[in-house]
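Everything on this sheet refers to the single structure shown next.
The values are calculated or read from the model by the stated rules, or taken from the named source; none is laboratory data. All figures in this text were calculated on a predicted structure; none of them were measured in a lab. With ideal geometry, Cβ positions are generated from the backbone for all residues, glycine too; neighbour counts draw on all protein chains shown.
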Amino acid sequence: MPPDQIQRCADVCKLFSVYKQRHIIFAFKFMRTANRKLRYFFKRADDVMMICYVDVTIPTFRCGYNGKVYAIYPADTKKKPELADYILDYPAFKEVMLRKHKRLD
């Protein structure tokens with residue numbers, strides 16, 4: 001996830017500042033291949049978004065197939081941010097994904 005996309009997300013979040021409770025969720029999707037299955041990871045990034053509100057360099061975020069997220073800074077340094085897993089509790093999304101997986105298998 002490139003820094004400009006994270007900055008746009010922070011800008012949109014500012015638009016909803018009238019709400020007391022709001023969350024930033026990073027969504028990562030890995031496509032199905034011959035030897036890997038389709039996977040989704042959702043990470044709650046509320047704390048990470050605070051760096052967008054101060055004058056700090058925004059890192060690039062990468063997610064591995066195992067679900068671990070890394071922040072990559074311009075000086076080629078990697079850090080593992082503490083991003084909590086977010087359980088998507090949206091029945092319609094789950095239903096669509098189940099139907100889609102049944103068609104693919």
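Points worth noting:
- Within the range 47-72, being surrounded by 14 or more Cβ atoms within 10 Å (Cβ to Cβ) and assigned to a strand (DSSP E or B) holds for Thr60, Phe61, Cys63, Val69, Tyr70, Ala71, Ile72.
- The one condition from (1) surrounded by 10 or more Cβ atoms within 10 Å (Cβ to Cβ); (2) within 22 Å of Asp89 (Cβ to Cβ); (3) of a type outside the set (Ser, Thr, Tyr) that Pro3 does not meet is (2).
- Of residues in the range 12-46 being at pLDDT below 85 and assigned to a helix (DSSP H, G or I), the one farthest from Phe61 (Cα to Cα): Lys14
- Residue pairs whose Cβ atoms lie under 6 Å apart, separated by 6 or more positions or on different chains, with the first residue in the range 70-83 and in contact (Cβ under 8 Å) with a residue 12 or more places away in the chain and the second assigned to a strand (DSSP E or B) and loosely packed, with under 14 Cβ neighbours inside 10 Å, are Ala71/Lys79; Ile72/Lys78.
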